[in-house]
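One structure is given here, and the rest of the page talks about it.
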Amino acid sequence: MKARLVLFGIGALGFAAVWFAGARKLDPMGSYHGAYGEILNAVSVPERHSTNVVSAVNFDYRGLDTLGEEFILYISVVAVAAILRKQKDEEEEDEDEAPTQLREAPDSDAVRLFGVGLVPVTVIFGLYMISHGSVSPGGGFQGGVVLATVPLVVYLCAGAKTYLRIAPPALAKGGEGLGAAGYALIGCLGVLAGKKFLENVVPLGTPGEAWSAGTITLLNLTVGVAVGTGFVELISSFVEELLRKAEK
Amino acid sequence: MLAPWPVALPLVAAAFLAGLGDKLPRRLADAIAIGAAAITALCCALLLAGPPVVYWFGGIQPRSGTAIGIDFAIDANGAGLAVLSSLLILAALFFSLKYFDKPAHMFQVLLLVFLAGLCGFSLTGDLFDLFVFFEVMSAAAFGLCAYKSREVGPLQGAINFAVTNTAGAFITLSGIALLYSRTGALNLSHMHRMIAGHDDSLVLAAAALVCTGFLVKAAIVPFQFWLADAHAAAPTPACIVFSGAMVEAGLYAVARLQGALFGLPQLRTPLLAAGVATCLVGAVMCFAQRHLKRLLAFSTIAHAGVILCGIAVLEPGGLSGAGLYVVGHGLVKAALFLCAGMLLHRLQSIDELALHGRGREVPWVGVLFALGGLLLAGAPPTAMFFGDGAIHHALEAHPIARFAVTVASIATGAAVLRACGRIFLGLGPREPDAPGGGEQDEEPETEAAPIPWSMWVPAAFLLALAIGSAWLPREHAGSAAARMLDAHSWATQVLDRAQPAMPSPPPEEPLAKGLAHAALTVGLAIALALLTLFRKRLPEILRGPVRAVWNPLAGSLRALHTGAVGDQVAWLTLGVAALGASLVFS
Amino acid sequence: MIAPLQWLLFLLLAVTGPAVVLTREPVAQAVTVSFYGIVLALVFFLHQAPDVALSQIVVGAVALPLMILLAVAKVKRKEASRK
């Protein structure tokens, strides 16, 4: 243990020295002289009808990165679900004796009222963020996570049975696959139309409107579906044994 | 036109299988997974056969020399790695058909996403895209590694793998951030044009940081600690991809970045030193194992050292040798892992000593295993043999590295042959209570049953491919290697849409010299294996000194491999500091 | 106007970052990491990166602490069922 600390200490000092030597040559904070950003600022509205340049970069100019990132999240969820499910299979025998901790609806009316008030606002906010990704900050990823918090709030305020009713595991799993495959398939549309992978193939619309920017908005939608359902599946697989009891 | 499919196809198939896999009949799900991998292999093979191409996603061409979109800059090295990856994934998919007692479509999903990550990683010409696919690959690999998580012990291996590799990835990302702040660009060729000739301490520190994550993945000393634990934890079909393609992908990234982006001659000495250390540590640790999967995992470390030595000379000769070596090694090592998996399936054990003589039940596995051992030691005809020769030729001026590379071939070959003799021929005395390293055996993954065709056919197929790989066109590999190191040619092709002529291949080592060297390593490997098996019959005067050297050497190295994740991260920090300091402060 | 705010947020980062590391109890750590996430989101927002700030809020301040809490809860349930 002590040897490890000494080892790490030396390493950390060296690492800090290397980092400092490199960072010392950085330009002052806030200065930018790449041509990249200037070009994008100039072309993203005329070319892609997207007033949010960040979305244009994420879903069009560097859309392939986002495809990869979506699948990082997707495969992590798949892996966690697979691992937790596998353990479940082997522990089925001792599970029956587990103390019941089934989450019933809370006694407090205040919590329930809070939930009733929060859920519609969250749903609308999430949908707004997903659909307006090409117009204003936010997009499929952020909106998807916001939407995924809805079942969680329901779980906390109305119990596991209601949770299962609004977010059945089969739906979450299907939506996750659909969203993830959808991104790649929209990419393939470009090839089918005789263009390049991930090239825009749908009408661009009027800049500044929600249904504009062509594939950028469609891709935002698929990401929203994949991320939202992915997080729900993640939550479900963590509380799976409780959910199964609620089903019985 | 083919460029996007190696990524898109496995991803779509994976999402489809994950969403609908349990509703489909098992045969259909298997067919989809195998079909997707096979078509991916075909696409990559066609890319390999063609000239270097640049594919801009979304049709977003560079504007006045500034790359805005993401490109796949595909050459023979990248496409070759993608072909190798898809063949290994194909073998893993076949092998796993009857390997898990329950339907395992989630395992197939993980393998397919892993394949997409590897292909994207090999083909991309963009630094951040490289990192994204690196992470796709890593996330899938963590899932594969933890897949048979029945016990706490093996799961620890998966956790170590995830923690060390994620730490490495963070370090790489921080290096990318430094470079981005300097260049405002992410395309490798574009960045090259902006940093070429300005290798100040920022660029050098960034080079060290960026390379670290890839060297962690490549299990280079002192970043190698996770690898054996991860292989012991992972199901056998995952091991073949880890050892055969993932480790090599880490090294490929170092070569690619050095060639297309950094072009720093300063990297030669630290990389060569790390390569030598990796060869030697891997060789000693491999020889000291009795758990077959750990033995093979440590041999992978030794061979990663050999490949790194080939890359580290930063010359076309060494690099093309490393490329050939990767192909041959990947195929041979994958076949050996499949043999170990068959033993675990049929005999329910993977401990060399416990299996003493029991392999006679399955002689054909023994034949495959012995053949694999001989090829691993450098026997012709494989691409590994020619690669080994080319690496030796390139290391002419570095006698220590040549020695280390030779030691790695001999020791890993001898370890496999020793295990082969003991298990399949029952050679040597029984040693029921011989001291092991604590980790001797692992829980079987299946019920004991005869070996189905879906297990032995992939192993035989991979060995046949390994032998067939000897006829890969070596001039093509040579000129592709020369091209890979030529950042200027790449930049004109990527940014100026020129089609530069392929450079001429480097001179080859004479065949006779390679054959003589192979005879030496294979002979010594067989001799070493026999000497170890029958060491009790040797006179004490010979055994004493060997024991006096070997026991403390193997013991102390073994003691460093504690399996504690904190230790591994401490070594990682030390390693990145050493690599960075050797570049920045010299 | 921005400079003092910048300094304040950097100071907060310098405090909350080590606080996450030094909190050893996982449930408490979920709270500190969430706070750290919010500070980071403010830093991004201040530097005119609202997209990144939004991602940081949903991931750093919501999703990550949630995953920690769920994992801890699962481990505790398992321990309870072992007993």
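The values are calculated or read from the model by the stated rules, or taken from the named source; none is laboratory data. Remember, predicted model here, so these are calculated numbers, not experimental data. Glycine also receives a Cβ, built like all others from the backbone with ideal geometry; neighbour counts cover every protein chain displayed. Surface accessibility is based on the protein's heavy atoms, side chains included, excluding ligands, DNA and RNA. Shrake-Rupley method; radii C 1.70, N 1.55, O 1.52, S 1.80 Å.
Could you tell me how many degrees, from 0 to 90 and to the nearest 10, lie between the Cα long axis of helix B:511-533 and the main elongation axis, the longest principal axis, of the Cα atoms of chain B? Helix B:511-533 sits at roughly 40 degrees to that axis. Given axes a ≥ b ≥ c from the Cα gyration tensor, I'd like to know whether segment C:2-82 is rounded (a/c under 1.5), prolate (a/b larger than b/c) or oblate. Verdict is oblate for segment C:2-82.
For chain B, what % of the accessible area comes from carbon and sulfur atoms, probe 1.4 Å? Carbon and sulfur together cover 69 percent of it.
Solvent exposure of segment B:51-208 amounts to 23 Å² per residue of accessible area, where only protein heavy atoms count and the probe is 1.4 Å. Interface burial in segment A:6-21 reaches 30 Å² or more for A:7, A:8, A:11, A:15, A:18, A:19, A:21, comparing the full protein assembly with the chain by itself; accessible area from heavy atoms with a 1.4 Å probe. The residues of segment C:2-82 expose, per residue, 57 Å² of accessible area to a 1.4 Å probe.
Take the Kirkwood radius over Cα pairs of the protein assembly as shown, plug it into Stokes-Einstein at 10 °C and 1.306 mPa s, and you get 56 µm²/s for translational diffusion.
Here the accessible area is traced with a 1.4 Å probe on the protein chains. For segment C:2-82, carbon and sulfur cover 78 percent of it. Buried surface for the A/C pair, taken as the accessible area of each chain alone minus that of the pair with a 1.4 Å probe, is close to 1900 Å² in total. Summed over qualifying helices (DSSP H, 4 residues or more, each -39500 (n - 2.57)) and divided by its residue number, chain A shows a 222 nm mean residue ellipticity of -23500 deg cm²/dmol. Axis of helix B:201-217 versus longest Cα principal axis of chain B: the two differ by about 40°, to the nearest ten degrees.
Residues A:8, B:121, sorted by accessible area with the largest first, give A:8, B:121 [1.4 Å probe; ligands and nucleic acids excluded]. Taking Cα atoms only, the orientation of helix A:2-23 departs from the longest principal axis of chain A by about 30 degrees. Annotation for segment B:198-264 versus segment B:22-82: alpha-carbon center distance of 22 Å. Helical runs assigned H by DSSP (4 residues or longer) give chain B a calculated mean residue ellipticity at 222 nm of -23000 deg cm²/dmol, each run adding -39500 (n - 2.57) before division by the residue total.
Report summary: the helix-based calculation at 222 nm, which adds -39500 (n - 2.57) for every DSSP H run with n ≥ 4 and divides by the residues of chain C, gives -27500 deg cm²/dmol. Highest mean packing first, where packing is the average number of other Cβ atoms within 10 Å per residue, the peptides B:276-287, A:147-158 line up as B:276-287, A:147-158.
On association of chains A and B, roughly 5600 Å² of accessible area becomes buried (total for both chains; probe 1.4 Å).
Computed over protein heavy atoms with a 1.4 Å probe, the accessible surface of segment A:197-248 works out to 35 Å² per residue.
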